[in-house]
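Before any comments, here is the structure.
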Amino acid sequence: MLTLSKSMSLILAGALFSTFACAQTTSAKLTSAKLTTATLNPAVTTGVTTLATTGVTNIKIENLDLLDKIGRYEHPLIVYKAVKPAAADIEKQLSLSKRFAELSGMRFDDSPKKLGDTRLALSGAEDSSASFEVDINTGNFLFEGGLAKYSTEQPTLNLPKEADLQRLAERTLKQFDLPINPSDLKVEHIGGLNLSVADGKNEPKIFEKLKTIRYTRVLNGLPVMGDSRIVMHFGEGAQLSGLIYQIPEVADASDLSTQLQQSPKLMKEQALSELTAMAKKALRAKLTQVDLVVYDDGLGVMEPAYHVVLERMLDLGDKEPVMIPYDFYLPVSSKPVAFFPHMDTGMFMPEEGKSTEGGVVGKAD
């Protein structure tokens, strides 16, 4: 969030993701509670579990019958490995920064700086909110054209219409030679970024600043979650203002062997254990989603998992209870190669990324 004079701040206008947020790092992923494999025997009646815990009675998780979806595979279970970019590929991605800068009427510093072990970054020469970052392991990159020109108390002129965003986005991706396969992309959200101006006395003034479109990836009929996405911001005159491009090229796709697939019973027990732990302090809890997806770990591996979403009504001391969702991923493989959010350490990467036979290198103490 950008704070300006008169308590002004940029707020998301229904956008699910903003390019003006820091790129996700491995450390940022380690936020989910660990999945356990303890077998639970709660009272289950028509999709509702009753929990008896200290200080909490008759807490119910609604819709637990959704867990019955686990093990029903209507799509192939495939593990994907991304292409490892060569040095020339990274140079090509970095060269895009100059084209983006020219289009946006700004410029970046001449030499990239290293951010952590895997990212190279260029900063805006005049606008510190402008940047370009590329991941050397996947080729994923982030372009931020900067917010300086959008900080005035005026609506942005000639913003594109929402009905035109998909056509504009696809044309822009082709303009910059960014490979896309329309059948592998799904428009997830269309929205924008607004500027809210509040002086503490009157109703806040809202100014439209950017229009946003977000795509999710689809592989063999399954949505790809995690680090796969395309997010594009368009500003004045329908010019590109920001872009997240996280669609790594697939180098290898291998079926997950039946020997490596966890039993549905075990996965249901794992899910139920996690849901029970996360619902303990809730006034009400409802299971809303148990979907088979492909999880992209952002490190070059994509593999099948169940995405589980729990909605919880919690008493945080406010006048009214607050709904706070909780979600987690449940790997289908008993030896996942991808680095899932609940893991303390990653799994080792098979040599050349050709095998789906992963293995645990050990948990961190």
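The numbers here are math on the coordinates, done by the rules we state, and not lab data. Just so it is clear, the model here is predicted, and its values are computed rather than measured. Cβ placement follows ideal geometry from the backbone for every residue including glycine, while neighbour counts extend to all protein chains displayed.
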Beyond 19 Å (Cα-Cα) in this structure, taken from Lys280/Lys335; Lys81/Lys186; Lys81/Lys174; Lys81/Lys335; Lys69/Lys280; Lys186/Lys335, we find Lys280/Lys335; Lys81/Lys186; Lys81/Lys174; Lys69/Lys280; Lys186/Lys335
Here the Kirkwood hydrodynamic radius of segment 104-260, Cα-based and in Å, equals 17.6
Inverse of mean 1/r across different Cα pairs in segment 220-348, Kirkwood, Å
17.1
Please work out how much length the chain gains when fully extended from Thr118 to Gln166, using 0.36 nm per residue of separation minus the C-alpha to C-alpha distance, in nm with one decimal.
14.2 nm
Report P(r) for segment 176-280: all Cα-Cα distances, bin width 5 Å, range 0 to the bin holding the largest distance, values in whole percent.
2, 9, 12, 12, 12, 11, 12, 10, 8, 6, 3, 1, 0, 0
Amide H within-cut-off set for Ile78, under 5 Å, with H built and near neighbours excluded:
Leu256
If the cut-off is a Cα-Cα distance under 15 Å, which aspartates and glutamates reach Lys265, setting aside same-chain residues fewer than 8 apart in sequence?
Asp65, Asp68, Glu274
Sites Ala251 and Asp318 - FRET efficiency at Förster radius 51 Å, r taken between beta-carbons, to 0.05:
0.55
Just to confirm a number: summing +1 for Lys and Arg and -1 for Asp and Glu over residues other than Leu96 whose beta-carbon lies under 12 angstrom from that of Leu96, what do you get?
-2
